[in-house]
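Right, one structure below, let's go through it.
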Amino acid sequence: MDNLNVLIIGRGGREHAIAWKTAQSPLVSKIFVAPGNAGIAESFECINIDETDTEKLLLFAKEQSIHLTIVGPEGALMSGIVDEFRKNNLRIFGPTQNAAQIEGSKQFSKELMQKYRIPTAAFEVFDNYENAKQYLHSKGAPIVIKYDGLAAGKGVVVATTTEEADRALQGMLLHNKFGKGKVVIEEFLSGPEFSLMAFVHNETVLPLSIAQDHKRAFDGDTGPNTGGMGAYTPVPIIPQTAVDEAVNTIMRPTAKAMVDSGTPFTGILYGGLILTEDRPKVIEFNARFGDPETEVVLPKMKSDMIEIILELLDGQTPEIEWHENAFLGVVMASKGYPAEFEKGIEIEIGGEEGRKEKGERNTLNSYSIKAPLVETFHCGTAKINGKWVNNGGRVLMVVGGGATLENAKENAYQKVKQINSDNLFYRNDIGWQSLLNN
Ligand code: AMP
Ligand code: GLY
């Protein structure tokens, strides 16, 4: 199968990386991104349809004879886009609304893990404040309080004292800070965290190279939690034996559990894992590509991603090949993020990429399986009078590649320093956990 038309849904750095990787497939002739962003629009055709407007996306996919749709953000999955596309016999890579609960409902994912003995923190679910408080006091601190539902990354409190945990419970259960919902109270786990994504179709699981995200805003893992300030792959502080154990005791059993419980999973299963002294355990599952992990993991992938996805959906078990190189990406964010920030302030991006991409819209003559040395993915940019400006919290993700993690880091930061804006900030220590240990 070739001459494929591919539709990518979403508007961030993750979707830019998915489109970039898709463009390297000789099977593909046209790529559309809905809605995309100004940076993505430099090289791909962006369609002004919102991620959750399933009806319009469906119509567009039919009109343009889209052969494969890849879904980025969780919102679209949870609103049931996969179910609708499938009903209309359109091929789409992502989980159904029911299967996406593995991300959307902490209660669903925790109960699945408990039932199928998938290693995770011990937990209880509460909707009543008094009961929750009683349980909290029986366990003591440190302890973790999680709102059960989407809370824009703010629904997790890792409390070091019972007072702090109690305040979180009051906010979530008495004052409905995120809406009327349940709360999961769970055991505090410690160890290095890593992200293990896999292409999954029913019981078939193809693990990707592991990555590490940096959730805090500032150097030294300080400041507020963000969507992620940078990532790198591979992660040398996590031994291969632990990765293999995670694949065999977490990812494969979870895919099987989803099949056995009547919610078979197709798409990217993202394990947010922690390597405790005991073994790898699950902190959370996501039902989609991680952001910013995808921006480093896809450059590391040597295989044709589209071929892999099509074979997987066809019931086959293809092998994924990887570049030897390491990749490290630095997020450049708007000053003020993750709180309030100003938009529309100029950024000078400069460099080769801006020029190289011009005029390549949908011609896809950039086919190459070479590992890149530097790629700039746009997370939240706009163009005003021909000039780049910031248009989101996370603005750019600059990814460097190299023979070692150190080389990858040098290449990434060299490019970061060429990007000028008074309004952007970034972390200087992406990769620190692994680089300190080398
Ligand atoms: P989440 O929003 O679920 O990704 O959680 C955000 C962060 O909270 C994670 O990356 C962990 O650093 C921390 N966290 C969540 N659950 C636990 C846990 N059970 N033990 C220790 N840290 C946790
Ligand atoms: N990087 C974490 C996430 O995508 O949720």
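Please treat every number below as a calculation from the coordinates, not as lab data. Remember, it's a predicted structure, so these values are computed and weren't measured experimentally. Every residue, glycine as well, gets a Cβ built from its backbone with ideal geometry; the counts of neighbours run over all protein chains shown.
Numbers for the structure displayed
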| item | result |
| --- | --- |
| Positive minus negative residues near Pro26 (Lys, Arg vs Asp, Glu; Cβ under 10 Å) | -3 |
| Under 17 Å from the Asn88 label point (7 Å along Cα→beta-carbon), backbone N, the stretch 1-44 | 5-10, 32-35 |
| Tensor-based shape of the stretch 27-76 (alpha-carbon gyration tensor, a/c under 1.5 rounded, otherwise prolate or oblate) | oblate |
| Calculated from backbone phi, Karplus (6.51, -1.76, 1.60) coupling profile of the stretch 370-382 in Hz, x at Gly/Pro | 6, 6, x, 8, 8, 9, 10, 9, 8, 9, x, 10, 9 |
| Cα centroid separation, the stretch 26-76 to the stretch 167-187 (Å) | 36 |
| Under-5 Å amide H pairs with Trp322, H placed in peptide plane, nonlocal only | Lys302 |
| Formal net charge of residues neighbouring Asp304 (Cβ-Cβ distance under 13 Å; K, R +1; D, E -1) | -3 |
| Ranked list, fewest to most other Cβ atoms within 10 Å of each Cβ, for Glu375, Glu321, Glu245 | Glu321, Glu245, Glu375 |
| Protection proxy ranking, peptides 328-334, 69-75, average beta carbon neighbours within 10 Å, highest first | 328-334, 69-75 |
| Alpha carbon convex hull of the stretch 24-149, projected area averaged over orientations, nm² | 11.7 |
| Where labels lie 7 Å past Cα in the beta-carbon direction, separation of Gln114 and Asp278 in nm | 1.5 |
| Inverse mean reciprocal Cα-Cα distance (Kirkwood Rh) of the chain, Å | 22.2 |
| Highest-first arrangement of 288-295, 208-215, 383-390, where packing means the average Cβ count within 10 Å | 288-295, 208-215, 383-390 |
| Residues in the stretch 130-151 reached by a label modelled at Lys177 [backbone nitrogen below 11 Å; 7 Å Cα→Cβ] | 145-147 |
| Whole-Å distance, taken between Cα centres, linking the stretch 255-307 and the stretch 238-252 | 12 |
| Residues whose placed amide H lies under 5 Å from that of Asp213, excluding near-sequence neighbours | Ser195 |
| The stretch 231-244 - phi-based ³J(HN,Hα) in whole Hz, Karplus 6.51/-1.76/1.60, Gly and Pro as x | 7, 8, 8, x, 10, x, 6, 9, x, 4, 4, 6, 5, 4 |
| Potential lengthening between Thr160 and Glu187 on full extension [0.36 nm per residue; Cα-Cα distance subtracted] | 8.5 nm |
| Dipole magnitude (debye, nearest 20) for the chain, charges at Cβ of Lys, Arg, Asp, Glu | 460 |
| Positive-end residue, the stretch 1-83 charge dipole about Cα centroid, Cβ charges, pick of Thr22, Gly36, Pro73 | Thr22 |
| Dimensionless Rg/Rh of the stretch 156-302 - Kirkwood Rh, Rg from C-alpha atoms | 0.99 |
| Peptide ranges 337-345, 196-204 listed from the most packed, as the mean C-beta count within 10 angstrom indicates | 196-204, 337-345 |
| Under the Karplus curve 6.51 cos²θ - 1.76 cosθ + 1.60, θ = phi - 60°, whole-Hz ³J(HN,Hα) for the stretch 198-212, x wherever Gly or Pro sits | 9, 6, 10, 9, 6, 8, 7, 10, 10, x, 9, 4, 6, 9, 10 |
| Residue among Gly262, Gly181, Phe199 farthest towards the positive dipole end of the stretch 169-284, charges placed on Cβ | Gly181 |
| Check: the stretch 98-152 dipole with +1 on Lys, Arg Cβ and -1 on Asp, Glu Cβ, in debye | 200 |
| Separation of the Asn48 and Leu313 label points, Cα + 7 Å toward Cβ, nm | 2.8 |
| Taking the chain and dividing mean pair separation by its residue count, relative contact order in percent (alpha carbons under 8 Å, at least six apart) | 18 |
